[in-house]
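The values are calculated or read from the model by the stated rules, or taken from the named source; none is laboratory data. Computed from a predicted structure; not experimentally measured. Cβ placement follows ideal geometry from the backbone for every residue including glycine, while neighbour counts extend to all protein chains displayed.
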Amino acid sequence: MSTRSNATSSSKAESNPAGANPAAAIDALAARARACTVCAPHLPHAPRPILRVSSSASLLIVGQAPGRRVHETGIPWNDASGDRLREWLGVTREVFYDKTRIAIVPAGLCYPGTVKGSDLPPRPECAPLWHPPLRAAMPRIELSLLIGAYAQAYYLGDKRGRTLADTVHAWRECAPDTLPLPHPSPRNRLWLKRNPWFEAEVIPVLRERVGRLLAAGDNAGTAHQ
Ligand code: SF4
């Protein structure tokens, strides 16, 4: 499995598209993304793109799309799924929400709504529109965590496995710059139980990699668990 999608590959070549000040460039880009209304007619509410980015981030978390609660609060991963994700990563909430180190950009930036109690997929317009420029404006990203099938579909394309388990099980083929993960939702308890190799084999590698990555960029004095 190739480790790089087109979006990932092009990001480094197109770094800092807006010129000399990377922080200003990504702030301007994030402001444009937050003002996006491209698929407003398809959304259940006014668009509210949720993303946390900075030009200095070294870890990127690509999830699915905000749920209703995230849409209302504007805070991603502020729930049981986020708690489990932080446990997998071995980081505190403080580190997790330090956007100078960890960027959070879901496959769809806006809450897509639900059908029969289940969240709809991310809007298909979103990732091709926003991920390439955002990735290009974050040249220090060394590891992208692809959480769930939609993030994996966008970044890995036809190189992902037949099932999510196949894709995650082939994680070594995505190293070192990309790591596919299952969604840490409590609803995935059964998946985790059926795939014990994930917590035994992948989580220690993930934790070690994230710890090293954040320690290397630790110039802000943020505590790492
Ligand atoms: S989901 Fe993405 S493309 Fe659609 S309105 Fe929100 S930011 Fe724009």
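Report yes if Arg93 is at pLDDT 95 or above, more than 11 Å from the ligand (Cβ to nearest atom) and surrounded by 15 or more Cβ atoms within 10 Å (Cβ to Cβ), otherwise no.
No.
Out of all the residues in region 124-137, is one or more surrounded by fewer than 17 Cβ atoms within 10 Å (Cβ to Cβ), part of a loop (DSSP other than H, G, I, E, B) and in contact with a Cys (Cβ under 9 Å, 6 or more places away or on another chain)?
For region 124-137, residues surrounded by fewer than 17 Cβ atoms within 10 Å (Cβ to Cβ), part of a loop (DSSP other than H, G, I, E, B) and in contact with a Cys (Cβ under 9 Å, 6 or more places away or on another chain): present.
Within the group Gly148, Gly108, which residue is surrounded by 21 or more Cβ atoms within 10 Å (Cβ to Cβ), away from the ligand (no atom under 11 Å from the Cβ) and under 14 Å from the mean Cα position of the chain (by Cα)?
Answer to the selection: Gly148.
Please note which helices (runs of 4 or more DSSP H) are completely contained in region 6-90 and include at least 2 residues that are at pLDDT below 95, over 27 Å from Leu192 (Cβ atoms) and not acidic (Asp, Glu).
Answer list for region 6-90: 6-13, 22-34.
Right, Thr92: within 21 Å of Val53 (Cα to Cα) and in contact with a His (Cβ under 8 Å, 6 or more places away or on another chain) or not?
yes
Tally time: how many residues in region 27-68 are without any contact (Cβ under 8 Å) to a residue 60 or more places away in the chain, away from the ligand (no atom under 12 Å from the Cβ) and of a type outside the set (A, V, I, L, M, F, W, C)?
Within region 27-68, residues that are without any contact (Cβ under 8 Å) to a residue 60 or more places away in the chain, away from the ligand (no atom under 12 Å from the Cβ) and of a type outside the set (A, V, I, L, M, F, W, C) number 4.
Mind checking whether some residue in region 113-121 is within 16 Å of the ligand (Cβ to nearest atom), assigned to a loop (DSSP other than H, G, I, E, B) and buried (at least 21 other Cβ atoms within 10 Å of the Cβ)?
Scanning region 113-121, I find no residue that is within 16 Å of the ligand (Cβ to nearest atom), assigned to a loop (DSSP other than H, G, I, E, B) and buried (at least 21 other Cβ atoms within 10 Å of the Cβ), so the answer is no.
Hey, any hits in region 194-209 for a residue that's under 22 Å from Ile102 (Cβ atoms), in contact (Cβ under 8 Å) with a residue 40 or more places away in the chain and in contact with a Lys or Arg (Cβ under 9 Å, 6 or more places away or on another chain)?
There is no residue in region 194-209 that is under 22 Å from Ile102 (Cβ atoms), in contact (Cβ under 8 Å) with a residue 40 or more places away in the chain and in contact with a Lys or Arg (Cβ under 9 Å, 6 or more places away or on another chain).
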